[in-house]
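Participant: There's a structure below that I have some questions on.
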Amino acid sequence: MIPKKVFFTKGVGRHKERLASFELALRDAGIEKFNLVCVSSILPPNCKIITKEKGLPELNPGEIVHCVLARNETSENNRLVVASIGCAVPADSSNYGYLSEHHVFGETDEQAGEYAEDLAASMLATTLGVEFDAAKSWDEREQIYKMSGKIVRSRNITQSAEGKTGLWTAVVAAAVFVEEGEQKQVSPSQQQLTNLKISQINHQNSQQKQNLNHVSADLISHDSSANGKQT
């Protein structure tokens, strides 16, 4: 069972319960309806990178879906949480590539994304015999990797968020594999229905975010009032 397709997605969720915040992050990423099985760091040979919009319709609710997942969470106000997935693709598509997961506190999207991308590219470079100086910056090593002609490209997907008072804040980033099964024939009406479902999910996620923002504001206002009474 070797996946032939992969797509990348990310999300953030907030809730007073830790597990619920993770669920909302998965909803924001569009992958909450699947039974996710986390796997390690190999991008299979000849695995095509597709968009989230093309990948989701090929998966069914309740399906066991393999993914490389990075997640992080906090209940501390203003604490920055980040989750990132890095990807390195070999020039020869018959070779395998690498995926990396990175979860950290206090880094910007750019910092975390570059680190995850660097991890994946460096792991791939060592398997392909590309010589490099690990002490050099990512920008310098990135040029070495590409000039070698053995690594065609690298990328990352990163999600960050700041913690809010009284709520758990969860972030996820994922590389989601699509297993190759029987070729599905999608009619124009089915495609329209799929697009409508995706639009509805995005609308629901937007409404949930608005509701959570109201909850957060109410909690902050309540805490401020309580502190005022104590003084």
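The values are calculated or read from the model by the stated rules, or taken from the named source; none is laboratory data. The shown structure was predicted, so the numbers you read here are calculated from the model rather than taken from an experiment. Glycine gets a Cβ as well: all are built from the backbone with ideal geometry, and neighbour counts include every protein chain shown.
Participant: How many residues, within region 1-37, are assigned to a helix (DSSP H, G or I), under 14 Å from the mean Cα position of the chain (by Cα) and charged (D, E, K, R)?
Facilitator: 3
Participant: Consider only pairs whose beta carbons are under 6 Å apart and that are at least six residues apart or on different chains; among these, list those whose first residue lies in region 147-169 and is among the polar types (S, T, N, Q) and whose second residue is at pLDDT 90 or above and part of a loop (DSSP other than H, G, I, E, B).
Facilitator: Sorted first by the residue in region 147-169, then by its partner, the pairs are THR165/ASN77; THR169/GLY163.
Participant: With respect to TYR98, is the statement that it is outside any strand (DSSP E or B) and either modelled with pLDDT under 95 or surrounded by 15 or more Cβ atoms within 10 Å (Cβ to Cβ) (or both) true?
Facilitator: No, not satisfied.
Participant: Of all the residues that make up region 101-123, how many are part of a strand (DSSP E or B) and either loosely packed, with under 15 Cβ neighbours inside 10 Å or at pLDDT below 95 (or both)?
Facilitator: 1
Participant: I'd like to verify a number: residues in region 38-47 that are over 17 Å from the mean Cα position of the chain (by Cα) and at negative phi, how many?
Facilitator: Result for region 38-47: 3.
Participant: Counting just the residues of region 65-93 that are closer than 19 Å to ARG155 by Cα and of a type in the set (Ser, Thr, Tyr), which one comes out surrounded by the fewest Cβ atoms within 10 Å (Cβ to Cβ)?
Facilitator: SER93
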